[in-house]
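The values are calculated or read from the model by the stated rules, or taken from the named source; none is laboratory data. Keep in mind that what you see is a predicted model, and the values were worked out from it rather than measured. Ideal geometry is used to build each Cβ from the backbone, glycine not excepted, and the neighbour counts take in all protein chains shown. Remember, those area values only see protein heavy atoms, side chains included, never the ligands or the DNA or RNA. Shrake-Rupley method; radii C 1.70, N 1.55, O 1.52, S 1.80 Å.
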Amino acid sequence: MMVYCAEPSCRNGSGRRNNQASGTKYHKFPADEVMARRWWQVIKRGEPFPKNFRQYCLCSSHFVTSDYERDLRSELLKLSPQYSAMKLLPTSVPSRNLTRPPRVTTPRSGAATQRGGEEDESRQVQEEGEQAAPKGSSLQAEECLHSDASVQTKCEPSKCTRCPALEAELASLKSKLAELYQLQAPSSALKRHLFTDQQAENLFTGKAPYRWDDESVYKALEVRVNTSRVQYEWLRNHCLPLPSLSTLQRWLADFVLAPNSSDVQVRMLRRLLSSMSEQDRCCCIMMDEMDIMGVATYDNQLDQILGPHKHLQLFLVSGIFTTWKLPMLYAFDTPVTKELLLKLIKDVEGAGGRVVSTVSDMGSGNLALWRSLGIGHDAEASICNPADPSRRIWVFADPPHIMKRLRNHILDSVIHTRQGGRVDRALIQDLLAIDGDSELKLLHKLQPATHVEVVGMARQKVRPAYQLLSASCALALRRYTEKKVEADFFSIVDAGMDVLNAGHPADVKLLRRGYSGRPEQEDALTALVEEVAAFRVGKAGFLYPFQKGLLVTVRAVRGLLADLQARFGDNTYLLTRHLTQDRLESFFGLVRGRGGGNLNPTPTEAKARLRLLTLLQLTRHGVSPKCTGDGGETDAVPDVSQPEPDAVPAAQPELDEEPPPPPQLLELEEVCPAPTEEIPEGTEHLVQEPDDEPSPDAEEEAERELLDAELGEACHDTGEPEQEMEPREQTSELVSLLAEAGSVHIPGQPSGARDCETGVLASDSALAHVAGYVARKRPRSLGAPSAHAEDVPVQALWTRLRSVGGMTVPTESFLELCRELETCFCAYHAMHPDGLSRERGVIRNATRMMVEKYSRSVPCDKILKVFVRVRTFIRLRTVNSTRRAETLAKRKVRKLRHHAQ
């Protein structure tokens with residue numbers, strides 16, 4: 001819309017190029033009618049005051065600088081006028097570039113003419129005085145003019161009612177102006193919160209200091225570690241007062257992380273822990289190694305040749321009640337020995353830390369360390385603290401690593417359970433056979449390529465191992481096969497690992513709500529210990545290392561909890577996920593990711609990346625990495641040898657009380673009121689770290705991955721149709737006719753597996769699961785939460801048994817509607833080769849077709865759109881999986897031909 005200036009002699013308009021380039025702004029007449037009338041009188045249009053005065057505008061050329069509010073953002077960023085926010089003050093009146101229209105006089109006679117001329121002359125003098133007098137001058141201050149629709153009179157101060165209000169407004173504006181002047185001073189709040197003294201002086205004067213002080217360099221370092229080199233240079237050259245990169249390099253010259261040395265890290269850890277309580281100082285030492293490129297490289301900082309080396313050994317210290325972490329020591333091709341570990345524990349204790357545990361995997365080097373420390377399943381599970389003999393340090397094996405080893409033994413060999421069951425690859429294939437080639441699957445997370453045919457680096461992934469040995473698989477074995485003993489084995493492993501993987505006090509699964517020694521948690525650990533100690537791998541008559549490690553871990557977690565509760569109170573609980581190597585593995589992911597596509601760094605690159613990530617951790621916690629030497633160290637560690645009287649944090653909930661509801665149950669507030677969940681503040685990581693959570697939340701993942709299309713369902717059933725399955729019968733007939741015509745790709749057939757107790761097909765239960773997901777998104781009349789569902793359709797029994805309270809069970813009527821919608825969906829995509837239309841607006845067109853047919857059967861049309869969207873992504877995932885399997889099969893054939901030649 002074109003905008004023009006209302007001043008009669010002004011030719012500015014929003015469409016003129018010169019006005020756009022110069023940054024001319026246009027201001028509407030004030031909403032206050034009194035002030036708008038004053039503007040109208042000033043510009044002298046010679047027309048009556050309009051009723052639609054808000055449609056008139058004046059350009060910025062008629063206002064002076066003092067008429068605008070100060071825009072600090074534009075000043076700091078040095079923006080051009082067209083990008084500045086120019087906002088007028090409430091009392092601003094146009095005073096520049098105003099022209100007076102020519103006078104129109106009429107002949108008058110006698111005294112009337114003389115009086116009229118005198119009035120015109122006085123009015124002209126008065127108007128010229130208003131135009132010439134600057135804003136806030138004595139002329140305007142002495143004479144207060146009030147206007148109405150037709151007259152302009154001079155008020156008497158003793159009788160005027162607006163003068164006191166104007167004087168109060170003037171005093172307020174003066175105080176705001178004084179604040180703006182104070183803001184410009186070097187000691188302003190802007191400087192205190194955003195910039196240092198030197199940066200503020202550089203910002204307002206434009207003069208760079210001769211030498212940047214430590215505070216300014218540290219502020220710049222916080223920017224540098226979170227940006228790239230190019231981004232930092234752009235910020236320095238355009239908007240922020242920052243020192244150069246060479247200044248940062250000189251300032252960090254003493255921050256050298258040398259191999260096999262922890263002197264600098266100890267000083268940094270002392271500064272990090274100086275303000276923490278004793279409970280927050282409790283920490284765990286994690287140790288593991290990472291593969292690096294086996295070449296020799298030159299390190300400029302150390303002036304040394306590093307390599308060739310194959311492995312980087314890293315020790316990470318991490319809090320168990322808080323989320324701080326810091327790399328303490330690294331070495332190349334160095335095995336972990338008893339002497340090295342004890343020396344590191346003394347260093348951490350000397351810096352103020354309280355080491356309570358260590359964790360490692362079950363590699364050969366770590367097993368040798370355990371033997372030297374006297375750790376074993378039939379020996380001790382802890383060692384004496386070398387810095388304080390009155391305290392114990394508990395030794396853990398990494399539970400995700402143990403889970404991975406167990407999965408590999410199941411696929412490679414066979415597990416003979418304590419009750420005589422047999423868990424092997426054939427059992428996993430039976431699990432997959434429950435769903436067959438159906439699109440909708442009960443075990444939608446299980447895929448042959450990721451869970452059965454696991455080779456190479458895929459065997460190192462932890463999440464598929466937890467998904468394979470989960471409660472869902474146990475339920476499927478129990479309901480759809482006759483293998484109850486194997487199902488019990490899956491349930492015992494899942495429950496025990498939940499206790500050893502507690503990550504949040506309000507987790508959706510009760511066993512993962514922080515380990516505090518509750519009866520159900522102790523029962524789960526006891527059952528896990530009995531099963532692990534009794535089952536055998538293959539024909540072996542002894543325990544494998546991963547079995548011994550798991551037995552030691554259960555004893556260690558119980559002993560550590562007893563020590564902490566004796567020290568900090570009975571309300572103390574453990575988030576056992578902090579006792580695993582998840583943080584260390586995540587740190588390794590950051591080390592690899594710092595190189596982009598270079599995931600296998602050289603020794604020098606690994607050292608540089610460790611240094612940068614250490615700086616990230618320090619700046620995130622407000623610790624200056626400036627090394628002043630032993631004599632210049634001023635951070636003192638307070639005496640915390642005795643426990644504080646109020647050391648138990650108030651944030652820990654009472655374990656005897658009902659914890660707050662998980663996110664999945666928030667929608668039940670109207671049905672069953674409950675206290676709102678208080679989620680602790682987010683992660684302490686400086687950059688987003690990879691999600692290495694070993695055991696995903698089964699409830700949350702089941703609902704979320706429906707939208708990601710990992711479920712699938714067949715469009716028809718080969719068995720004898722029942723009377724209520726008429727829509728499936730129609731679908732089968734339609735697909736059969738199209739198949740005979742040879743123009744359609746038939747979706748995967750369901751396996752025909754039935755529930756051993758109810759006789760319901762697995763595909764029907766999967767469709768009910770999808771229907772519950774759709775009902776959860778829309779009005780509750782379509783379904784009810786599983787915790788409050790009264791009339792559960794037999795097809796939705798799987799959802800009810802699978803859920804812990806947050807999933808939705810659909811009603812019988814809505815489930816019947818979903819069967820008809822499935823028929824309609826399959827018919828819409830049936831004419832395409834792979835069963836998925838490529839036309840534009842595929843979801844919109846399918847929804848429109850269903851709305852025309854079923855709009856009277858649903859409360860709102862959005863339900864149909866949700867169903868079409870979910871079902872489209874399910875079909876999309878099925879098509880991609882099929883193509884991926886065909887590609888892998890062709891690749892195997894090519895390899896066989898190549899080897900045959």
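Residues of the stretch 583-619 that are in contact with an Asp or Glu (Cβ under 8 Å, 6 or more places away or on another chain), closer than 23 Å to Trp251 by Cα and open to solvent by less than 20 Å² (accessible area, probe 1.4 Å): Lys607, Thr619. Among the residues of the stretch 555-575, those that are of a type outside the set (Gly, Ala, Ser) and outside any helix (DSSP H, G or I) comprise Asp570, Asn571, Thr572, Tyr573, Leu574, Leu575.
The one condition from (1) outside any strand (DSSP E or B); (2) touching a residue at least 24 places away in the same chain (Cβ under 8 Å); (3) open to solvent by less than 40 Å² (accessible area, probe 1.4 Å) that Ser372 does not meet is (3).
In the set Val870, Val866, Val842, Val851, which member is touching a His at 6+ places or on another chain (Cβ under 9 Å), β-branched (Val, Ile, Thr) and modelled with pLDDT of 90 or more?
Val842
For the stretch 455-479, the tally of residues that are under 19 Å from Met362 (Cβ atoms), in contact with a helix residue (DSSP H, G or I) (Cβ under 8 Å, 6 or more places away or on another chain) and of a type in the set (A, V, I, L, M, F, W, C) stands at 3. Among the residues here, Ser372 qualifies as more than 20 Å from Met328 (Cα to Cα) and among the hydroxyl-bearing types (Ser, Thr, Tyr).
Of all residues in the stretch 67-85, how many are part of a helix (DSSP H, G or I) and at pLDDT below 85?
The qualifying residues number 9.
Out of the residues in the stretch 446-480 that are modelled with pLDDT of 90 or more and of a type in the set (S, T, N, Q), state the one that is nearest to the chain's Cα centre (by Cα). Selected residue: Gln467.
The set of residues from the stretch 797-810 being closer than 13 Å to Arg479 by Cβ and touching a Pro at 6+ places or on another chain (Cβ under 9 Å) comprises just one member, Thr799.
Within the option set Leu431, Leu406, being more than 30 Å from Gly374 (Cβ to Cβ) and in contact with a helix residue (DSSP H, G or I) (Cβ under 9 Å, 6 or more places away or on another chain) holds for one residue only, Leu431.
Could you go through the stretch 39-53 and let me know if any residue there is exposed (fewer than 15 other Cβ atoms within 10 Å of the Cβ), under 22 Å from Lys87 (Cβ atoms) and out of contact with any helix residue (DSSP H, G or I) (no Cβ under 7 Å at 6 or more places or on another chain). So far as the stretch 39-53 goes, no, none of its residues is exposed (fewer than 15 other Cβ atoms within 10 Å of the Cβ), under 22 Å from Lys87 (Cβ atoms) and out of contact with any helix residue (DSSP H, G or I) (no Cβ under 7 Å at 6 or more places or on another chain).
All of (1) part of a helix (DSSP H, G or I); (2) hydrophobic (A, V, I, L, M, F, W, C); (3) open to solvent by 30 Å² or more (accessible area, probe 1.4 Å) hold for Phe542 with one exception: (1).
One residue alone among Glu740, Glu816 is at pLDDT 90 or above, among the acidic types (Asp, Glu), open to solvent by 30 Å² or more (accessible area, probe 1.4 Å) and farther than 21 Å from Arg478 by Cβ, and that residue is Glu816. For Leu341, state whether it is in contact with a helix residue (DSSP H, G or I) (Cβ under 9 Å, 6 or more places away or on another chain) and farther than 18 Å from Pro545 by Cα. The answer is yes for Leu341.
Of everything in the stretch 16-34 that is in contact with a Phe, Trp or Tyr (Cβ under 9 Å, 6 or more places away or on another chain) and surrounded by fewer than 16 Cβ atoms within 10 Å (Cβ to Cβ), the residue that is modelled with the lowest pLDDT is Gly23. Inspect the stretch 433-440 for any residue being of a type in the set (A, V, I, L, M), crowded, with 24+ Cβ neighbours inside 10 Å, farther than 30 Å from Thr580 by Cα and within 34 Å of the chain's Cα centre (by Cα) and give the result as yes or no. Yes, the conditions are met somewhere in the stretch 433-440.
In the stretch 343-381, the residue that is nearest to Gly559 (Cα to Cα) out of those that are touching a Leu at 6+ places or on another chain (Cβ under 8 Å) and of a type in the set (S, T, N, Q) is Ser357. Of all residues in the stretch 558-582, exactly one satisfies the criterion of being open to solvent by less than 30 Å² (accessible area, probe 1.4 Å) and of a type in the set (D, E, K, R), namely Asp582.
Note on the stretch 162-196: residues that are at pLDDT 55 or above and open to solvent by 90 Å² or more (accessible area, probe 1.4 Å) amount to 10.
Strands (runs of 3 or more DSSP E) fully within the stretch 279-326 that include at least 1 residues being surrounded by 23 or more Cβ atoms within 10 Å (Cβ to Cβ): 282-291, 311-319.
Looking at the stretch 209-248, which of its residues are free of Cβ contacts under 8 Å to residues at least 12 places away in the same chain and either assigned by the TED database to the domain that holds Leu590 or surrounded by 13 or more Cβ atoms within 10 Å (Cβ to Cβ) (or both)? If the condition is that a residue be free of Cβ contacts under 8 Å to residues at least 12 places away in the same chain and either assigned by the TED database to the domain that holds Leu590 or surrounded by 13 or more Cβ atoms within 10 Å (Cβ to Cβ) (or both), then Pro209, Thr227, Trp234, Arg236, Ser244 are the ones that fit. Here Gly13 passes the criteria (1) modelled with pLDDT under 85; (2) under 23 Å from Glu169 (Cα atoms); (3) in contact with a Phe, Trp or Tyr (Cβ under 6 Å, 6 or more places away or on another chain) except the one numbered (2).
Can you pull out every residue in the stretch 576-621 that is of a type in the set (Lys, Arg) and part of a helix (DSSP H, G or I)? Explain how you work it out, then say what you get.
Keep residues of the stretch 576-621 that are of a type in the set (Lys, Arg), which gives 577, 583, 592, 594, 607, 609, 611, 620.
Residues satisfying the conditions are Arg577, Arg583, Arg592, Lys607, Arg609, Arg611, Arg620.
Looking only at residues in the stretch 784-822 that are over 24 Å from Ala471 (Cα atoms) and outside any helix (DSSP H, G or I), the one that is farthest from the chain's Cα centre (by Cα) is Asp791. Listed by first and then second residue, the pairs with beta-carbon distance under 7 Å, at least 6 apart or on different chains, first residue in the stretch 885-896 and acidic (Asp, Glu), second at pLDDT 85 or above and open to solvent by 100 Å² or more (accessible area, probe 1.4 Å), form an empty list.
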